[in-house]
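Below: one structure, written as structure tokens.
Bear in mind that the values in this text are calculations on the coordinates, not laboratory data. These figures come from a predicted structure and were not determined experimentally. Cβ sites come from the backbone with ideal geometry, for glycine too, and all protein chains shown count toward neighbours.
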Amino acid sequence: MKKVYFGSNLKMYKNIEDTVKYLRELTELTADISREEIELFIIPSYTTLDRATTSVDRNLVRLGAQNMCWEEQGQFTGEISPLMLQEMGLDLVMIGHSERRHVFGETDEEENRKVKCGLEHGFTTLLCIGETAEEKKYDLGPEVLRTQIKIGFDGVDASETGKIWVAYEPVWSIGVNGTPATADYAERMHAEIKKCLIELFGRAGEEIPVLYGGSVNPGNAEELIVQPSVDGLFVGRSAWEADKFNDLIRMAKKKAETARD
Ligand code: 13P
């Protein structure tokens, strides 16, 4: 069976103590699930990473950073370099989250510099993409996603696809004011994403996991995960209590297994 991806972005929530507690609970609760069957990853805030990396069994959970600068060092006040993340033993970085793009104004060109830097430094690089509500209104999702993919991965070689993950997170679906995408709509966009990745990288593009994120919850996780082009779920609010995320993971994994049998 294909691995199912489950991850959470903790955004700017949870201090060091709460993050460590959460990670310990989550790893204990999910310890019996084979990591051949799932990839579990958590992306907490920078300040928690140092403690988090030494406090949990990293065979059970992969830890990543929420952002990264495209330079190793320099006059970049407030930024974190790939070397600093490597120093903590991290090998996963998220680039271009919707909040980075839309709250902090990051552009596709900036995401591309970060993606290339992440890959050059050996990080598994998770690029987040998604259209706004306005773009969706005109059914521009496919065009917007293609643009974000083509610019985001510009200059990236097909040999690097083993370290690329993509998260489709429509801007209108994220957070407290978000409306989850319907399973049909998500599948349509995921299929476009996969098509575009194959155009860019050839057969190697087929292997890139594409995760859905945006108001994933216990009520929609099953119908999303059974979509043929959805390889995993990238969860915010519904994952921030370890027992609830554990339940969601088990439910979605079971559903994915029965659908793929
Ligand atoms: P929510 O699940 O809270 O909508 O957040 C999703 C998200 O932004 C994951 O990166």
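Starting from 0.36 nm per residue, how many nanometres of slack lie between Gln86 and Asn59 once their C-alpha separation is accounted for?
Contour length minus Cα-Cα distance gives 8.0 nm.
Convex hull over the Cα atoms of segment 24-130, averaged projected area in nm²?
7.5 nm²
Put a dot 7 Å past each Cα toward the Cβ at Glu71 and Thr47; how far apart are the dots in nm?
Going by the 7 Å Cα→Cβ label model, 2.5 nm.
Exposure proxy check: Ser81, Ser98 ranked by fewest other beta carbons within 10 Å?
Going from least to most buried by this count: Ser81, Ser98.
Which of Trp165, Trp240 comes first, and how do the rest follow, when ranked by fewest Cβ neighbours within 10 Å?
In increasing order of surrounding Cβ atoms, one gets Trp240, Trp165.
Above 13 Å lies some portion of the pair distances; for segment 31-86, what is it as a whole percent of all C-alpha pairs?
That tail contains 65 percent of the Cα-Cα pairs.
When the Cα centres of segment 113-156 and segment 53-98 are compared, how far apart do they sit, in Å?
With segment 113-156 and segment 53-98 each reduced to a Cα centre, they are spaced 19 Å.
So who's got an amide H within less than 5 Å of the one on Leu92, skipping anything under 5 residues away but keeping other chains? H placed 1.01 Å off N, in plane.
Placed amide hydrogens put Ala65, Thr124 under 5 Å from Leu92.
Convex hull over the Cα atoms of segment 111-237, averaged projected area in nm²?
7.4 nm²
If you average 1/r over all unlike Cα pairs in the chain and invert the result, what Kirkwood radius do you get in angstrom?
When all Cα pairs of the chain are included, the Kirkwood radius is 18.3 Å.
Taking segment 186-251 on its own, what percent of its Cα-Cα pair distances exceed 20 Å?
For segment 186-251, the share of Cα pairs beyond 20 Å comes to 33 percent.
In whole Å, how far is the Cα centre of segment 246-261 from that of segment 204-232?
So the two Cα centres are separated by 12 Å.
Given a Förster distance of 25 Å, report the FRET efficiency between Glu206 and Ser34 from their Cβ-Cβ distance, rounded to the nearest 0.05.
After rounding, the FRET efficiency stands at 0.60.
Too long at a 18 Å Cα-Cα cut-off: which of Lys3/Lys255; Lys114/Lys163; Lys3/Lys254; Lys21/Lys163?
Lys21/Lys163
To make sure I understand, if each residue's beta carbon is the centre and we count other beta carbons within 10 Å, what order do Leu10, Leu224 fall in, fewest to most?
Leu10, Leu224
For segment 1-126, what does the relative contact order come out to in percent, with C-alpha contacts under 8 Å and a separation of six or more?
22 percent
What is the P(r) of segment 79-134, as percent of Cα-Cα pairs per 5 Å bin from 0?
The distribution over segment 79-134 is 4, 19, 29, 23, 14, 7, 3, 1, 0, given as percents.
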